[in-house]
Amino acid sequence: MMEQFYFIITERCNLTCSHCIRDSSPNRNETAEASMIKKALTQIASSHPDSLVLMSGGEPTLHRHFRELLDFGLHLGLTMTINTNGVTSFFKDSTLKELSQHPRLSVQVSLDGDEAMHDSIRGPNSYRKAVRTLKRLVDNGVRCSVSTTVVDVDFMTRADTFISSLDNIGLAHIAIKRATYAGRAASGIDVNGKKWNEHVYRLRALPTKTLLKIAPMYDFDRLDSLSDDALNSLALPPSATNCGAGTAKVYVYTNGDVCPCTCFKDKPMGNLYLSDLDTILTKPPSVQVKHPACNACRYFRLCRGGCLGSGYQTTGTIGMPDPRCPKVAIVDRELETIAYFQRF
Ligand SMILES: C[S@@+](CC[C@H](N)C(=O)[O-])C[C@H]1O[C@@H](n2cnc3c(N)ncnc32)[C@H](O)[C@@H]1O
Ligand code: SF4
Ligand code: SF4
């Protein structure tokens, strides 16, 4: 069942964040036609009425018809979220009042750390402006959350003060995740898996009023302690396997391409100018994972190679697993060493 539809309604952005998965910037001009988006929204309302529609980009609020598209989806009864950097002129007082009339609408603002860290990634004054937008939205009764993309392990050591500074705003949640190796973050990031997990358990124990969404990654110390029976009894929903790309969520791009995720932008499942959404969704992608670490892995049934998008982006080969998995990284290093000595 499709749970989430991301609409990349424009690749254009007013910011040029150093980690941007979509390589968005003021120099990008690709923009979706409003008629194509409206047709897709109508199909979603009829075939997937319980799904979540996320208006994203680039910076979606820069789309010339953004408000019209948002109102169109909301009037169809869809549950919608705006993914925004919170640094545009869209959020006027009158607009905030109107947005608060829609109980099915929420706004997700990106904050990538405290002011110094956020501004070093997103540009000067962007933190101050985004937090101001966030507070104005909440004050007007709009349901809001924060999404944090971590690019530097230093974030985790400073995360407590970052989280506590947001705790009184009245957010629905703060979601913190490691950056995906794609776009301007394709060369990887400085967040070691073991260190990440240590901080995750520490942060989860903080006595916050706001719900914190943060998950351990490849925590083999804990997984190895599970018995085979316990492991076999675990059944994950499609959204938890390979993050649900193509099976529980899809991305609609400005040119009408429907893709499993941003990392597979060049491997569309179909195009909305050539076919209708429901027909495209009948053919979910099936990727065979071909990596010695995964082929021998006790957790393959549950994990299936993790983020295959990161694997594709870093190697250029479909079927390569998540390079952030320590087992994959160890085997890759061994294979590189063997290849090195085979040259002599
Ligand atoms: C691409 S942005 C588009 C919406 C809006 N411009 C914003 O920044 O929120 C959507 C989300 O993707 C996150 N993001 C950007 N680069 C990423 C990466 N390399 N890995 C994972 N998430 C990333 C952003 O932090 C943001 O929360
Ligand atoms: S992460 Fe969002 S705000 Fe930053 S460049 Fe990408 S699209 Fe723009
Ligand atoms: S990515 Fe591969 S090796 Fe790592 S946990 Fe998942 S299946 Fe196992």
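Here are a few things to note about the model shown:
- Residue-wise HN-Hα coupling along segment 23-39, computed from phi with Karplus coefficients 6.51, -1.76, 1.60 (Hz; x: Gly, Pro): 6, 6, 5, x, 7, 8, 10, 4, 9, 7, 6, 4, 5, 5, 5, 5, 5
- Relative contact order of the chain, defined on C-alpha pairs under 8 angstrom at six or more residues apart (%): 16 percent
- Estimated FRET transfer efficiency when R0 is 25 angstrom, pair Asn27-Leu335 (beta carbons, to 0.05): 0.05
- Centre separation in Å (Cα based) which lies between segment 227-262 and segment 65-118: 25 Å
- Top of Leu76, Leu236, Leu166 by mean-square fluctuation, Gaussian network on the chain, Cα under 10 Å: Leu236
- Working from the Cα coordinates of the chain, the gyration tensor eigenvalues give, after taking √(5λ), semi-axes of 33, 25, 20 Å in decreasing order.
- In order along segment 263-272, the phi-based Karplus estimate (6.51 cos²θ - 1.76 cosθ + 1.60, θ = phi - 60°) of 3J(HN,Hα) comes to 5, 10, 4, 8, 10, x, 7, x, 10, 6 Hz; Gly and Pro are listed as x.
- The DSSP beta bridges internal to the chain are antiparallel in roughly 10% of cases.
- As a ratio to 2.2 N^0.38 Å, the alpha-carbon radius of gyration computed for segment 1-80 takes the value 1.12.
- For His173, distant residues with modelled amide H under 5 Å away: Val146
- Net charge in the neighbourhood of Gly306 (other residues with Cβ under 12 Å of its Cβ; Lys, Arg +1, Asp, Glu -1) is +3.
- Hz values of 3J(HN,Hα) by residue in segment 8-14 - Karplus curve (6.51, -1.76, 1.60), Gly and Pro given as x: 8, 7, 8, 8, 6, 8, 7
- Relative contact order (percent, whole number), segment 1-156, Cα cutoff 8 Å, 6+ residue spacing: 22 percent
- Mean Cβ neighbour count within 10 Å, used as a protection proxy, ranking 214-227, 54-67 highest first: 54-67, 214-227
- Considering only Val109, Val331, Val289, the Gaussian network model of the chain with Cα springs below 10 Å gives its largest mean-square fluctuation to Val331.
- Count Lys and Arg as plus one, Asp and Glu as minus one, and take only other residues whose Cβ is under 13 Å from that of Pro323; the net charge is then +1.
- Each Lys or Arg adds one and each Asp or Glu subtracts one; over the other residues with Cβ under 12 Å from the Cβ of Arg128, this totals +1.
- Annotation: amide H of Glu59 within the under-5 Å range of Arg12, Cys13, Asn14, sequence separation 5 or more or interchain, hydrogens built in the peptide plane.
- As a proxy for reagent exposure, Arg202, Arg122, Arg184 were ordered by neighbouring Cβ count within 10 angstrom, fewest first; the result is Arg202, Arg184, Arg122.
Each value in this text was obtained by applying a stated rule to the coordinates, not by laboratory testing. From a predicted model like this one, the values you see are computed outputs, not experimental measurements. Note that we place each Cβ from the backbone using ideal geometry, even for glycine, and neighbour counts take in every protein chain shown.
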